[in-house]
1. With everything on Cα atoms, drop me the angle between helix 562-571 and the longest principal axis of the chain, reported from 0 to 90° to the nearest 10.
2. Let's test the formula: R0 of 45 Å, r as the Cβ-Cβ distance of residue 348 and residue 89. What FRET efficiency results, to the nearest 0.05?
3. Share of the chain's accessible area from carbon and sulfur, percent, 1.4 Å?
4. Between 0 and 90 degrees, rounded to the nearest ten: what's the tilt of helix 45-54 against the longest Cα principal axis of the chain?
5. Divide the volume of the convex hull of the Cα atoms of the chain by its number of residues and quote the answer in cubic angstrom per residue.
6. In nm, to one decimal, how far is the residue 641 label point from the residue 451 one, both placed 7 Å along Cα→Cβ?
7. Using a cut-off of 24 Å between alpha-carbon atoms, which lysines can reach residue 160, once sequence neighbours fewer than 8 places away in the same chain are excluded?
8. Provide the gained length on full extension for the span residue 598 to residue 59, in nm with one decimal, where the gain is 0.36 nm per separating residue minus the Cα-Cα distance.
Amino acid sequence: MVDQPAHVKKLTLDQLNQLAEEVRHELITKLAKNGGHLGPNLGVVELTIALHYVFSTPHDKFVWDVSHQSYVHKILTGRKNRFHTIRTTDGLNGFSLRTESEHDCYGAGHAGTALSAALGMCAARDQKKSDENVVCVFGDAALTNGISFEALNNISHTTKKFICILNDNEWSIAKNVGAIASYLNKLITNPRYNKLAKDLERWMKRMPKGELAVRLGHKAEEAIKGALTDVALQQNAVNVEADGRGGFGSSLIFEEMGMRYLGPIDGHNLPLLISCLEFARQSEGPVVLHVLTKKGKGFESALNSPEKFHGLGPYDPVTGATPSAKPGTPPNYQDVFGQTMVKLCKKDNSVVGITAAMPSGTGLKALEKAMPERYYDVGIAEEHAVLFAAGMATMGFHPVCAIYSTFLQRSYDCIIHDVALQELPVIFCMDRAGLSANDGPTHHGLFDIAYLRCVPSIVCMAPKDEDELVDMMFTCTLQKGPTFIRYPRGAAEGVPIKESPMVVEIGKAEVTRNFDSSKGKKVALFGLGNFHGVAKKVAEQLTAEGYNCAVINPRFTKPIDAGTTEFFGRAAELVVTLEDHVLPGGYGSSVCELLNDKRINTPVLRVGWPDQFIEHASTVDHLRNKYGLTAPQIAAQIKAQFAAAQPANVTSLSAVA
Ligand SMILES: Cc1ncc(C[n+]2csc(CCOP(=O)(O)OP(=O)(O)O)c2C)c(N)n1
């Protein structure tokens, strides 16, 4: 079994090609049950094998951007036996994870981080005067990210030895967009930039009898020459005027940044990849190797539908068919969002939709289809998306930024400095607020209430169901300042959506169940967003056990409803807050602050995620159960609160230490 880099190095070219076949089979068959990032990984099979052939991890460092394409690396670094567990409870993580393997030198999940992190490693190596090779693999879409350019700007000033691999498959999750995508296309098709063939040929000729060819067998040398000729022929056939402006531009951006550009090369040609990587390894000065790959290579359905197969749930490993939703399944929040955007845009000319490379994930694709002129995909550029929205808002628009809670973290300064400070009516729709169970900690949206709660003058909401989401979206379009709506991943509650949305009064909670006249202990349950449903279940159980429960749908995390909170704070014997968010700084914290400010002593039980990074798991239910967030577990906690003895009268520090 080939499952260690050392094994890869011993293989002949034929065996390496066979390994590529086997790895593809492993990816296609093992991911079928639970899903995963199939397409991107099928695209980097040869590249990853070649990397492990030429370099030696963990001594050498591979830094994968986003790292959703690191499955092949996992298979080749001792994790083949556990590969079928990927993205499931107690299984492998779907991204690089430092704690998972010594071969994962850097963790990721968000795009655009690899170049900077890898450059930091190079600087550390140079400081230490050690000799590790640092290889950074980043996608053509990750290159649209601002941080990538901040790193590129810095590389040649910082180190002499840095190997970047631009894995260009022309796709982000959707088709890559923007000027950088067009630029890369020019590089691929412009014969003037075909520098690799000359460089590489010269280098190969210098090798005594072709060292590489000796190792891989003579076929390798022929294959390399063949591939080089292919590249040259393909490029020569292209019209140099093809960009429509009399040429292809005048300079190579990477070379202007002080890096040596090699490419473009066929990223599925193993001997060519190996020789280029060997060449890059001995190069003096930072190098960018431009590798052309096909997302989904080796699986017809994935090749035909790169967007669907970028990341998906279970599928048929032969046909690629995915199961259709069971009849009666509620719509996903993202789809309700997308359809509502179309309706709002039709009614209100000031509304536009903005996505940062996530048209299908956010549901904004519906707007792209229905009203493309009101839709903007700005690439993987969340900061830019927010600033762009701010600019539009200054001109009377209500831009809707559809950005996952976790990715919006990156736009924090833009939210404060550009949107909030200028009181601009940008609307933020934060999907995946809460858990993204099989992705794990890089993708859970568990911090947004806390990071937004301290920003002055903004309004933040969380709907209890899809009908309220629509009401809230409509309400946001009527506001004069920034508004935020958080809602979870996946299926909504299955409630009917009203024909016409209603305005939600800002800062007003909804009491969905009041205390009754019974003599039971009074518990006020403030269930935020999707935890409103949990609060209702807790109330049902406790009521059956003789408690007197009220349930409140807070709707707003900023401003919270002071009147309703104060009323129930005074009326109840125990206040319980429930939220799909970390406890520190969350909604429960704001309730505690308010009750404290009003000198109300009613105890508060805060229910939410603990102060730690939550791991990945097969399902949300598994994690809720593990962390005590199911209705019966919460009911038990509430009963324990009443049963708990009064705190001792503390007179010395050591009594509490
Ligand atoms: C900051 C951030 N925004 C959005 C995403 C969602 N996302 C994951 S992969 C991806 C596309 C990456 O495309 P590319 O870098 O070209 O790599 P490929 O999948 O094509 O190999 C996107 C948008 C993310 N991971 N991080």
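The values are calculated or read from the model by the stated rules, or taken from the named source; none is laboratory data. From a predicted model like this one, the values you see are computed outputs, not experimental measurements. Note: ideal-geometry Cβ built from the backbone for every residue, glycine included; neighbour counts use all protein chains shown. For the accessible areas, the whole protein counts, side chains as well, though only heavy atoms, and no ligand, DNA or RNA atoms are used. Shrake-Rupley method; radii C 1.70, N 1.55, O 1.52, S 1.80 Å.
1. The angle comes out at about 60 degrees.
2. Details: r = 44 Å, r/R0 = 0.98.
The calculated FRET efficiency here is 0.55.
3. Numbers: 14320 of 27110 Å².
Carbon and sulfur: 53 percent of the exposed surface of the chain.
4. Orientation of helix 45-54: about 60 degrees from the principal axis.
5. Details: hull volume 123.0 nm³, N = 657.
In the chain, the Cα convex hull volume per residue is 187 Å³.
6. Going by the 7 Å Cα→Cβ label model, 2.9 nm.
7. Partners found: 61, 128, 129, 195, 198.
8. Details: separation 539, 0.36 × 539 = 194.04 nm, distance 5.89 nm.
Stretched fully, the residue 598-residue 59 segment lengthens by 188.2 nm.
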